[in-house]
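I have placed the structure first, in the form of structure tokens, so that the comments after it can refer back to it.
Where a number appears in this text, it was derived from the coordinates with a stated rule and is not lab data. Keep in mind that what you see is a predicted model, and the values were worked out from it rather than measured. We place every Cβ from the backbone using ideal geometry, glycine too, and count neighbours over all the protein chains shown.
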Amino acid sequence: MVNEYYNGSAAVGTGTKMARDEYIEFVIVEKTSSASLAALTFGDTNDATSLLQGVFKFDQATLDLALSNAGIQQFLPGTILVVKGADLGSQQLGYSPGTGSWSIELTAGQGAVDHSERLINGNITIGNNGDVVWISSSNPPSRNSDTSGLIHAIGHDSAPGLVATTVSTAFGTENILNSTITSGRSVSNVGNSTESLQLTVGGTRGVANGGGNSTWINGLRGGSLSAVPEPSRGLLILTGILVITCQRRRIGGQHV
Ligand SMILES: [Ca+2]
Ligand SMILES: [Ca+2]
């Protein structure tokens, strides 16, 4: 799901197809492989929220490196994925949920790249008047008005265009903030899987957005870790079961 996006200067980093000082933040809500993520596309719209503008995809080799660093096969629920412009520092691939490192930051042009298809070939730049940040199972969308593959999106617009209107209908009116925004603010979800969008000065890149969003993401993370018992714990449980089985057999024997 799209969790937040930040509106900066919209000046595009050379060769990256994304604004230098902007970012998009996603939260993973179920176990997801690098191949599944690499099969998706994501991007933005024009300021009128009427047409898809930039189309990106994740670089699978970069995602595999992060998984390798964590020593796990899939990204866990509660993981935060950031895609950011060239000025926002180096990539952060030190993923390690077991020790509390739940976020990955991918830089445009490296771990997240413009889709090679040229049909929709704009830059990702967040607009003051309006924008929709979307993620799609279509790879790539067939034309710049093709919203058929959208699996999630959030946006803002005080006069919603076709894409924003479609998102409201498909995912709920709460997914589009009825507002323009100024530079230096992010649109962030402070709710859970049902959005509650607000403007945040400066944004909260790479971390949960506070309020109900933090509670929800912490819950996803707790579920992720408790679902994977550590080897020592698993061994203890197994030993316990064996002891109970032996005791039952002994008791049974006394009755015979
Ligand atoms: Ca845009
Ligand atoms: Ca955030």
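Express the Stokes-Einstein translational diffusion coefficient of segment 2-229 in µm² s⁻¹, to the nearest whole number, given a Kirkwood radius over alpha-carbon pairs, 25 °C and a viscosity of 0.890 mPa s.
142
Angle, helix 231-255 long axis vs. longest principal axis of the chain, Cα atoms, 0 to 90°, nearest 10?
The two axes meet at around 30 degrees.
I need to check one value: relative contact order of the chain, counting alpha carbon pairs closer than 8 Å and at least 6 residues apart, in percent.
Dividing the mean separation by the residue count of the chain yields 22 percent.
Which peptide among 125-134, 10-19 comes first, and what is the full order, when sorted by highest mean count of other Cβ atoms within 10 Å?
Going by the mean number of other Cβ atoms within 10 Å, highest first, we get 125-134, 10-19.
Can you tell me how much longer the chain between SER137 and GLN60 gets when fully stretched, taken as 0.36 nm per residue apart minus their C-alpha distance, in nm with one decimal?
My answer for the length gained is 26.2 nm.
Give me the extension gain from SER101 to SER193: residue separation times 0.36 nm, minus the current Cα-Cα distance, reported in nm with one decimal.
Difference between extended and current length: 30.9 nm.
Hey, if you put +1 on the Cβ of every Lys and Arg and -1 on every Asp and Glu Cβ in segment 2-229, which of ALA112, VAL27, LEU76 ends up farthest toward the positive end of that dipole?
Checking the options against the dipole of segment 2-229, the answer is LEU76.
With label points built 7 Å along Cα→Cβ from the Cα atoms of SER148 and SER36, find their separation and express it in nm.
For SER148 paired with SER36, the spin-label model returns 2.4 nm.
If the only charges are +1 at each Lys and Arg Cβ and -1 at each Asp and Glu Cβ, what is the size of the charge dipole of segment 2-229 around the Cα centre, to the nearest 20 debye?
I would put it at about 240 debye.
When the helix-only estimate is applied to the chain (DSSP H runs of n ≥ 4, each -39,500 (n - 2.57), divided by the residue count), what is the mean residue ellipticity at 222 nm, nearest 500 deg cm²/dmol?
Here the helix-only value at 222 nm equals -8500 deg cm²/dmol.
Compute the helix-to-body angle for 60-70: its Cα long axis versus the longest principal axis of the chain, expressed 0 to 90° and rounded to tens.
Once rounded, the angle reads 40 degrees.
At what distance in nm do the modelled label points of SER158 and SER90 sit from each other, each positioned 7 Å from its Cα along Cα→Cβ?
Here the modelled spin labels are 4.3 nm apart.
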